[in-house]
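Taken together, the values in this text are just the output of simple stated rules run on the coordinates, not laboratory data. Just so it is clear, the structure is predicted and the values come from calculations on it, not from any experiment. Backbone-built Cβ (ideal geometry, glycine too); neighbour counts: all protein chains shown.
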Amino acid sequence: MTNQRFLLAAGLIVLALIGPFFVYPVFLMTALCFALFACAFNLLLGYAGLMSFGHAMFFGMGGYLFGYVVKTVGLPPEVGLLAGVGTAALLGLATGVLAIRRQGIYFAMITLAFAQMVYFICVQAPFTGGEDGLQGIPRRPLLGGLIQITDDRTLYYVVLAIFLFGFAAINRFINSPFGQVLKAIRDNEQRALSLGYEADRYKLLAFVLSASLAGLAGATKAMVLQFATLTDVSAGMSGEVVLMALVGGLGTILGPVLGAFIIVAMQNYLASFGEFVLVIQGAIFVVIVMAFRKGLVGEIGDWWRGRRKAS
Amino acid sequence: MLDIFSIPLPALFGQLLLGLINGAFYAMLSLGLAVIFGMLNVINFTHGAMYMLGAFAAWLMLTNLSIPFWASLVLAPLIVGLFGIVIERLLLKRIYHLDHLYGFLLTFGLALVIEGLFQWRWGSSGAPYPAPIPGGYNLGFMFMPAYRGFVVVAALVICLATWYGIERTRLGAYLRAATENPTLVRAFGINVPRLITLTYGLGVALAALAGVLAAPIQQVSALMGSNLVLVVFAVVVIGGMGSIMGSIVTGFGLGLIEGLTKVVYPPASNTVIFVVMAIVLMVKPAGLFGQSK
């Protein structure tokens, strides 16, 4: 089993390294940003049992802050990324403190409502550029001129490194004692409480971590595509990230990554259908909830284990 | 000139009336959400889409079949209610045993499909619906368009009738009992699955009725309900889903607060309900009328 996992990981890394020579790098970078976003979301739902329907606020604000710091203030992109992550973390702390006061479906509605509030603020606040958004964010060199990122392929490896950092952080977190406590709370909060774990503090930390990584994903996306718009803070984006995690498989490690690639590819190839993409996305939601609740990775995993047992 | 804090009185009352009208829609929608959640354990994300369908049904019937507003007021909720019943029988029924989140996701997907189809067919720009009662009255301190006055009164009557139906009639008693303990009510020989279907149809029809009432005030467009439903979620969190009267009071109250904000500090009028939600969560996490659970 570990051997197979090692082979899978090695294969994926090779694919990731040679990818930009075969596929359009900007597509890969966008997909990686969404993959990180979906992993951050999945950390919360899959391992803490908290369903946030407002993760677009962290993603979108991360992008806006990156754009503001790099374009308007004129600082290097590292600072932009840090600003994006920091703002998302603070926003996560503020909304998390309030949202974890309710559970289950209320949690989803509260995060959704707060995200809508952030959306309205972004429409009106001067630093976001309102309806136009922030456009033409420059790609300044990284690390004081050491890495030029105007070339898409070079930038790809930077984005890959950021993604792998976030991905590794999430896995480290899930497999730490902290992650174990989180799963215990997810499975039975009363029991975890009676064992002396302060459930709310664990949930809040998971929420802030997830928000920060979503912010990192958003800031990275703004660096790649050089713009930040209202779409990224809208309720539709919050729904999209849920869809990515759901398609790939909630609570699986690779599921959200696969889901993000599928959805981003779908949007790319179906772009000519315009509004109809939303109809297709909605239909996928319905089909998955009705028939494939474990998502692709979950269903494949079940099939694989079933086959091994049979042989 | 009469004014308070240098705000001209007609502007103040004009915004308060607008707030009251919005509040009427919040009340009717959150009422339906609460009743559906009580019976089905599903937060109905399609509620905004159903509201839109109500308005569209009225508009399509007027433009294609020249069916007047007053007939639409009855027909549109019936059509949309039947549509809701079909959805409940085909899809929702199969996921009641799952976590609440799946109902939320399923109805979210359905809303995307419904709104996407209408946007694809009729575009995003709205179509006007002529006011069924033209003219208005000069009340001295403000001008009151007749139709808007009618909407407030009609919504109030509908809300109170719903409250009466659930709290004071035999069918309502079955409904409340089935919400508490469906297994026991079933043992008494009452067809609970049919009651559940009926509840969903009624809740959805209520949303459609709100949509018909809104058609002459707002533009009839595919996305008219998509933002509204998000605000209504906040209203539901503020009020708590425990009581019918609570939903009505919270809906109207928040509409008024929103209207007042439009007069005092316009930029905050979009966000004030969410701010109220944050405050309520700090002070009374279960909601103003909710039981803590």
Q: Go ahead and estimate [θ] at 222 nm for chain A from helices alone: -39,500 (n - 2.57) per DSSP H run with n ≥ 4, summed, over the residue count, rounded to 500.
A: -23500 deg cm²/dmol
**Q.** Within-12-Å neighbourhood charge of B:SER243 [Cβ basis; K, R +1; D, E -1]
**A.** 0
Q.
Could you work out the percent of alpha carbon pairs in the stretch A:268-311 separated by over 16 Å, rounded to a whole number?
A. 56 percent
Q. How are the Cα pair distances of chain A distributed, in percent, across 20 Å bins from 0?
A. 33, 59, 8, 0
(Q) Just to be sure I understand: with springs between alpha-carbon atoms less than 10 Å apart, which residue in B:LEU213, B:LEU60, B:LEU198 has the highest mean-square fluctuation in the Gaussian network model of chain B? (A) B:LEU60
Q) Around A:MET29, what is the net charge, scoring Lys/Arg as +1 and Asp/Glu as -1 over all other residues with Cβ under 13 Å from its Cβ? A) +1
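Within a 10 angstrom radius of the beta carbon, how do B:HIS47, B:HIS97, A:HIS55 rank from fewest other beta carbons to most?
Neighbour counts put them in this order, fewest first: B:HIS97, B:HIS47, A:HIS55.
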Q.
If I take the Cα coordinates of the stretch B:113-158 and project them onto the principal axes, what are the three extents in Å, biggest first?
A. 46, 23, 18
Q: Let me have the relative contact order for the stretch A:1-119, percent, based on Cα pairs under 8 Å that are six or more residues apart.
A: 26 percent
**Q.** Shape category assigned to the stretch A:1-134 from the gyration tensor of Cα positions, a/c cut at 1.5
**A.** oblate
Q) Roughly how many Å is it from the Cα centre of the stretch B:206-268 to that of the stretch A:158-174, as a whole number? A) 42 Å
**Q.** Descending principal axes extents, the protein assembly as shown, alpha-carbon based, whole Å
**A.** 73, 65, 53
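Between beta-carbons, use under 13 Å as the cut-off and find the net charge around A:GLY96, counting Lys and Arg +1, Asp and Glu -1.
+3
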Q. Using the Cα atoms of the stretch A:159-254 to build a convex hull, what is its mean projected area in square nanometres?
A. 7.1 nm²
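Let me know the shape class of the stretch A:86-194, please: from the alpha-carbon gyration tensor, a ≥ b ≥ c as square roots of the eigenvalues, rounded when a/c is under 1.5, otherwise prolate if a/b is greater than b/c, or oblate.
oblate
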Q) Taking neighbour counts of Cβ atoms within 10 Å as a proxy for exposure, in what order, fewest first, do B:THR261, A:THR150, A:THR95 appear? A) A:THR150, B:THR261, A:THR95
Q: Report, as a whole number in µm² per second, the diffusion coefficient that Stokes-Einstein gives for the stretch B:3-225 at 37 °C and 0.692 mPa s using the Kirkwood radius over alpha carbon pairs.
A: 176 µm²/s
Q. Principal axis lengths of the stretch B:157-293 from Cα atoms, whole Å, largest first?
A. 56, 38, 24
Q.
Using only the Cα atoms of the stretch A:54-115, what are the Rg and Dmax in Å?
A. 13.6, 42
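Please arrange A:GLU189, B:GLU258, A:GLU131 by counting, for each residue, the other beta carbons lying within 10 Å of its beta carbon, fewest first.
If I rank by nearby Cβ atoms, fewest first, I get A:GLU131, A:GLU189, B:GLU258.
Relative contact order (percent) for chain A, with alpha-carbon contacts under 8 angstrom and 6 or more residues of separation?
32 percent
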(Q) Students often get this wrong, so check it: of A:LYS203/B:LYS284; A:LYS221/B:LYS262; A:LYS183/A:LYS294, which have C-alpha atoms separated by over 27 Å? (A) A:LYS221/B:LYS262
Q | Rounded, prolate or oblate (a/c below 1.5 giving rounded, otherwise prolate when a/b exceeds b/c) for the stretch B:1-115 by Cα gyration tensor | A | oblate
**Q.** Mean ellipticity per residue at 222 nm, deg cm²/dmol - from DSSP H runs of n ≥ 4 across chain B, formula -39500 (n - 2.57)
**A.** -24000 deg cm²/dmol
